[in-house]
């Protein structure tokens, strides 16, 4: 694997990235930041958390060894403790009695400046918010949460990368209500096309259910699955059909995007996108929310539907949980002789760091993949792909994502010798594919259900062996 250009003389260690910001604030930023911070403290529950962090030791630096960014750059500014203390110092100085007292009676007192605001923008968006550092913190300080809080306050005064802002704006205010601006007619045409693909590939005739009421599951995937990851979506459909649950799910035509970029920088946007998702389930009178493979879409629904759904809270299930349940009950069969390549699995931080979805995909993979290898470390301690926290959507920091954020992950992949990387997350797939290309790694990135699509046995359809032979013949042609 080619080494990155990580040398002091390149400037990458200290380099600040020029984020594209719409209508950037240039005047009175300090006053505006403090006003926004005060509003957050007044209308949310962050204050008790900040108070508890202020009385603990948040400078031990044990988190440094866990951070893939710091491990790569060795820049003290990239230590999670350093970023956390930037915000805590502001809180202590301006929002606690002790800070007020020191500012009045001590000559050397911390002061928020324009330079510190610039530094927070740079450092909070160098962090992938993977929260691996939280696992290492002896006092349980959630540095990833503090990073998100800092981003939230900055966003309230208009300081946020344009890439994140545009996606959220389209979801909440646009005509399509999805991050990729896919209109309803395009969705319906795509579903019709995928039905034809399934008939040709699997030998079964299906029609994707849309706007069906009273179904067991209302399905939401990353909207990119409809256009960029069709094999993942067809794999989902194959499992539902083979399990005999085709009449138990539906896609909604008013809201069909599980992506929630509010998770990365704004509690306000996070809440309103969740409410939009819940409203769609209520419109269709569904019973459960079924999220596709996407890691951050799953976490935002799983963790925040109970918080922001109010009385309309619905149970949330990731599709891998559904597939594993079908596998254990014998409702689906996967042929262990189809996938012969060496396969590894990447744990998306949003579903693995908490321990929620770690063993489920591995149990599925090991049931039909004979040559499965692990990255080290893995599971809850696995490294971020380098595009977490929404960074994957920010094109102007591509160099950072490749040479800093994703360098450790690229090394992990290389050491496995895997030919296939399974990554059940839309953002991780994009980042990992760019890493594979950037470092010229001899492997490909797919979703879990992409492989299931190849190995699943479909009642009344073509066998997995027939499909494999047909695929090989197509490749020869």
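Laboratory data are not the source of any read-out in this text; all were calculated from the coordinates shown. This is a predicted model, so every value here is computed, not measured. Ideal geometry is used to build each Cβ from the backbone, glycine not excepted, and the neighbour counts take in all protein chains shown.
For the stretch 410-477 and the stretch 334-390, what is the separation of their C-alpha centers, rounded to whole Å?
Taking the Cα centre of each part, the stretch 410-477 and the stretch 334-390 sit 13 Å apart.
Semi-axes, largest first, in whole Å: what does sqrt of 5 times each Cα gyration tensor eigenvalue give for the stretch 21-160?
On the way: eigenvalues 108, 73, 42 Å².
Working through the eigenvalues yields semi-axes of 23, 19, 14 Å.
Quick check on the exposure proxy: order 367, 393, 464 from fewest to most C-beta atoms within 10 angstrom.
Numbers: 367 15, 393 20, 464 23.
Listed from fewest to most nearby Cβ atoms, that is 367, 393, 464.
How far is helix 184-202 tilted off the main Cα axis of the chain, in degrees rounded to 10, range 0 to 90?
Between helix and principal axis, roughly 50 degrees.
Semi-axes of the equivalent ellipsoid of the stretch 365-407: what are they in whole Å, largest first, if each equals the square root of 5 times a C-alpha gyration tensor eigenvalue? Provide the component values of the computation, followed by the final result.
Working: eigenvalues 156, 25, 19 Å².
Largest first, the stretch 365-407 gives 28, 11, 10 Å.
Over what distance in Å are the Cα centres of the stretch 199-252 and the stretch 83-103 separated?
The two parts, judged by their Cα centres, are 52 Å apart.
Report relative contact order for the chain in percent, whole number only (criteria: Cα-Cα under 8 Å, sequence separation at least 6).
16 percent
Sort 433, 104 so the one with the fewest other Cβ atoms within 10 Å of its own Cβ comes first. Let's see the in-between values first.
Working: 433 15, 104 8.
The order, fewest Cβ neighbours first, is 104, 433.
Work out, in µm²/s and without decimals, the Stokes-Einstein translational diffusion coefficient of the stretch 343-476 at 37 °C, 0.692 mPa s, Rh from Kirkwood over C-alpha pairs.
Translational diffusion coefficient: 208 µm²/s.
What is the calculated FRET efficiency for residue 30 to residue 246, with r their C-beta to C-beta distance and R₀ = 51 Å, to the nearest 0.05?
On the way: r = 58 Å, r/R0 = 1.14.
Calculated value: 0.30.
Order by neighbour count: 462, 16, fewest other Cβ atoms within 10 Å first, most last. Intermediate values should be presented prior to the final figure.
Details: 462 17, 16 12.
In order of increasing Cβ crowding within 10 Å: 16, 462.
Assuming R0 = 56 Å, what is the FRET efficiency of residue 311 and residue 76, from their Cβ-Cβ distance, to the nearest 0.05? Intermediate results must be reported in sequence, preceding the final value.
On the way: r = 48 Å, r/R0 = 0.85.
According to the calculation, E is roughly 0.70.
Expected output is a single nm value to one decimal: the length gained when fully extending between residue 114 and residue 139, i.e. 0.36 nm times separation in residues minus the C-alpha distance. What is it? Could the numbers behind the result be given before it?
Values: separation 25, 0.36 × 25 = 9.00 nm, distance 3.12 nm.
That works out to 5.9 nm of additional length.
How big is the stretch 82-209 along each principal axis, measuring the range of its Cα positions in Å and listing the largest first?
Ordered largest first, the stretch 82-209 gives principal extents of 78, 36, 22 Å.
From the square roots a ≥ b ≥ c of the eigenvalues of the alpha-carbon gyration tensor of the stretch 253-390, which class results: rounded (a/c under 1.5), prolate (a/b over b/c), or oblate? The partial results should precede the final answer.
Values: a/c = 2.66, a/b = 1.52, b/c = 1.75.
Note, shape of the stretch 253-390 comes out oblate.
Once the Cα atoms of helix 464-476 and of the chain are each reduced to a long axis, what angle between those two axes, in degrees from 0 to 90 to the nearest 10, is obtained?
80 degrees
Residue 96 to residue 354: extension gain in nm, 0.36 nm per residue of separation minus the Cα-Cα distance?
Values: separation 258, 0.36 × 258 = 92.88 nm, distance 3.16 nm.
Fully extending the segment from residue 96 to residue 354 adds 89.7 nm.
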